[in-house]
């Protein structure tokens, strides 16, 4: 065995890696399996065109196709009868080939009755794929072993059943088939290879085992820092994400190869937090970015800047600090989900849920660190329910007013992360909030809001959700006795004066049909109503008097408002209606009383 695992750099193939009893462990600081269709397609194309098409007389050993380096570090410990190697670089390559060989074996087993050679081929592949060990933990049978969620689907892919292992229950709880790249590869290969015969599958296995060449690079455990080498090598491959780099750094003081307690922590804290975000369609790095921004002087940057920020803030990362940071990451997922999915996660607090849903329609994501901090304060008892509701509403008012007026929002990245620090210790938190937005010059006056609603376009095709929100909120305010319609039945924004007037409308408008302001005013608040899609389609171009008749008993107060207007529908009348509705909007998005 020792000659096969030389301590010098050498050229090798995958058959030499897998023919002995060994386990190639993916170190904890690596990501899980991450290759996707572009990488799989490139490998399969190379196998077909550069290897199989060139083979003559089964001479696979002399048909070389370079597949990259595999950097390893031999470690002591583990199973007494297995060599143990940490794969520092080449994880994606070695995992892909191993899974491909496993699927070829499985396909041959399914086609065994169709070929007399199948049994012999299967036997040879089994000796390469599995370790011959007798152990209560069947995970020792597989030769490529990951600790980050891939060992269970790998075992399933190779054997089609659950392993006997003390880790099984924990692995099953963390297993998310829809997100697992091992499962995705197996599904992809089954579809790709389903019609290949047993001889064709055997030829493919030999090309993988004998023709793909790697450079075997063993490290010296006494001299080399495996994690540092990995991070430097990673830049040339599929780069680690910021969250993966952050995880590796966070777990440095927590890693214990003797007890493997760090693996349990990773599963119970980190992976659970990750799944809590991603199972709702959220982005885990966006969550980390918002969490780390709370209390900071500005919003933490995207991508690698997130990792650099965390590393800079935690240079003296002791075990105790790392555990505290891990608990923080785990426990704050609920507040991120409450902000992004309020209907589900705040179903018992309808007022907050409705406000947060409306805030999401503004698409002003910079407010999330502040909103998360406020919700956390409510749970911690450092903020009253009344304060939290008013603070979230003030945030909503600010975001809507500033978006409607088209004023710059660049200061949000400074305002919202630090805002919690500016109000947390103040007895009157609402007044402190209002003082802060005044000092940052982001306050929007009633006059500015009115001017914007008269002159600026509200209808924008790329912001239809926001435009509908504004119209629905104004419509609610105008309804008698709070009798609100079902707005899901009237989701379409209708232009009273069509965006593209036909010849009848042009005759109706007269000289105003040539006004340079026509296009802009057509999309302002005064010219907009709410309708069902079918109604909008059926009379969208009808003239003003005809529309008034159709609007007479409409459930929307905005539409009924059109009926009450007796003047001709001119550009001046559109502006007059905008001014009238602006007064309603000022009431809807009114600052809290302590601003007055």
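Can you confirm whether region 264-274 contains a residue that is part of a loop (DSSP other than H, G, I, E, B), at pLDDT 85 or above and in the same structural domain as residue 309 (by TED's automatic domain parsing)? Talk me through it step by step, then tell me what you get.
Step one: list which residues in region 264-274 are part of a loop (DSSP other than H, G, I, E, B), which gives none.
No - not one qualifying residue is present in region 264-274.
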Region 515-526, residues that are in a helix (DSSP H, G or I) and touching a helix residue (DSSP H, G or I) at 6+ places or on another chain (Cβ under 6 Å): 521, 525, 526
Somewhere in region 245-261, is a residue in the same structural domain as residue 26 (by TED's automatic domain parsing), at pLDDT below 95, touching a helix residue (DSSP H, G or I) at 6+ places or on another chain (Cβ under 7 Å) and not in a helix (DSSP H, G or I)? no
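Residues in region 55-98 that are closer than 19 Å to residue 24 by Cβ and either surrounded by fewer than 16 Cβ atoms within 10 Å (Cβ to Cβ) or touching a strand residue (DSSP E or B) at 6+ places or on another chain (Cβ under 8 Å) (or both): how many? Reasoning before the result, please.
To start, the set of residues in region 55-98 that are closer than 19 Å to residue 24 by Cβ comprises 67-98.
Next cut, either surrounded by fewer than 16 Cβ atoms within 10 Å (Cβ to Cβ) or touching a strand residue (DSSP E or B) at 6+ places or on another chain (Cβ under 8 Å) (or both) only: 67-91, 93-95, 97-98.
Of the residues in region 55-98, 30 are closer than 19 Å to residue 24 by Cβ and either surrounded by fewer than 16 Cβ atoms within 10 Å (Cβ to Cβ) or touching a strand residue (DSSP E or B) at 6+ places or on another chain (Cβ under 8 Å) (or both).
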Across region 97-154, which residue is nearest to residue 211 (Cα to Cα) among those that are within 31 Å of the chain's Cα centre (by Cα) and in a loop (DSSP other than H, G, I, E, B)? 150
What single numbered condition from (1) touching a residue at least 24 places away in the same chain (Cβ under 8 Å); (2) in a helix (DSSP H, G or I) fails to hold for residue 529? (2)
Tell me which residues, restricted to region 286-324, are buried (at least 18 other Cβ atoms within 10 Å of the Cβ) and outside any loop (DSSP other than H, G, I, E, B). 287, 288, 289, 290, 291, 292, 293, 306, 307, 309, 310, 322
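With the condition kept exactly as written, say whether any residue in region 409-423 is more than 28 Å from residue 292 (Cβ to Cβ) and part of a helix (DSSP H, G or I). I'd like the intermediate steps shown before the answer.
Pass one, region 409-423, residues more than 28 Å from residue 292 (Cβ to Cβ): none.
Checked region 409-423: no residue is more than 28 Å from residue 292 (Cβ to Cβ) and part of a helix (DSSP H, G or I).
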Unique match (being crowded, with 16+ Cβ neighbours inside 10 Å, in contact with a helix residue (DSSP H, G or I) (Cβ under 6 Å, 6 or more places away or on another chain) and over 23 Å from residue 145 (Cα atoms)) among 52, 103: 52
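Is there a residue being out of contact with any strand residue (DSSP E or B) (no Cβ under 8 Å at 6 or more places or on another chain), free of Cβ contacts under 8 Å to residues at least 12 places away in the same chain and part of a helix (DSSP H, G or I) anywhere in region 32-39? Quick ask: steps written out before the conclusion?
Taking region 32-39 as the starting set, the residues that turn out to be out of contact with any strand residue (DSSP E or B) (no Cβ under 8 Å at 6 or more places or on another chain) are 34-39.
After this cut, where a residue has to be free of Cβ contacts under 8 Å to residues at least 12 places away in the same chain as well, the list is 38.
Imposing the further condition that a residue be part of a helix (DSSP H, G or I) reduces the set to 38.
The answer is yes, given that some residue of region 32-39 is out of contact with any strand residue (DSSP E or B) (no Cβ under 8 Å at 6 or more places or on another chain), free of Cβ contacts under 8 Å to residues at least 12 places away in the same chain and part of a helix (DSSP H, G or I).
The values are calculated or read from the model by the stated rules, or taken from the named source; none is laboratory data. Everything numeric here is computed off the predicted structure, so don't read it as measured data. Every residue, glycine as well, gets a Cβ built from its backbone with ideal geometry; the counts of neighbours run over all protein chains shown.
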